[in-house]
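Just below is one structure, and these are the notes that go with it.
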Amino acid sequence: MSYKHILVALDPSEDSNLLLEKAVMLAKLSGAELSFMSADEVYGIDHKEKFEAHKGLVDYPIKNILVGENSISERIEKAVKEEGVDLVVCYHHHDFWHALFSTAADLMKAVDVDLFVVSVPK
């Protein structure tokens, strides 16, 4: 399948590097646009500059960096509709709290586009 616009849900952690590698690979294969979104409500609008730093980690053009104040599911749902996103890339940690409160599970309910979940060991 070929994608047109891939949205990567990032936080400013080391785990984002693995996610970026996989998202860039998919974008290159399909010639898709690539955008970033803040995946953590703690790093909202005031931390956009932290996500600007992710641009330097990839050798692929970044269309947009999206931030907001709503829950990650609401922000991604909005981006899917307004930005023409057809693939969302995020990660899932294998630990107790993420098992209880999985953003990936919320996204599966909220968006009607493909979702690529990268498993990150604890």
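Summary of values
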quantity	calculated
Odd one out for Ala39, checked against (1) modelled with pLDDT under 70; (2) closer than 14 Å to Tyr3 by Cβ	(2)
Filtered residues of the stretch 86-121 (kept if in a strand (DSSP E or B) and modelled with pLDDT under 65)	His93
Count of the stretch 47-78 residues which are modelled with pLDDT under 80 and of a type in the set (Val, Ile, Thr)	3
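The values are calculated or read from the model by the stated rules, or taken from the named source; none is laboratory data. Computed from a predicted structure; not experimentally measured. Cβ coordinates were reconstructed from backbone atoms using ideal geometry, including for glycine residues, and neighbour counts include every protein chain displayed.
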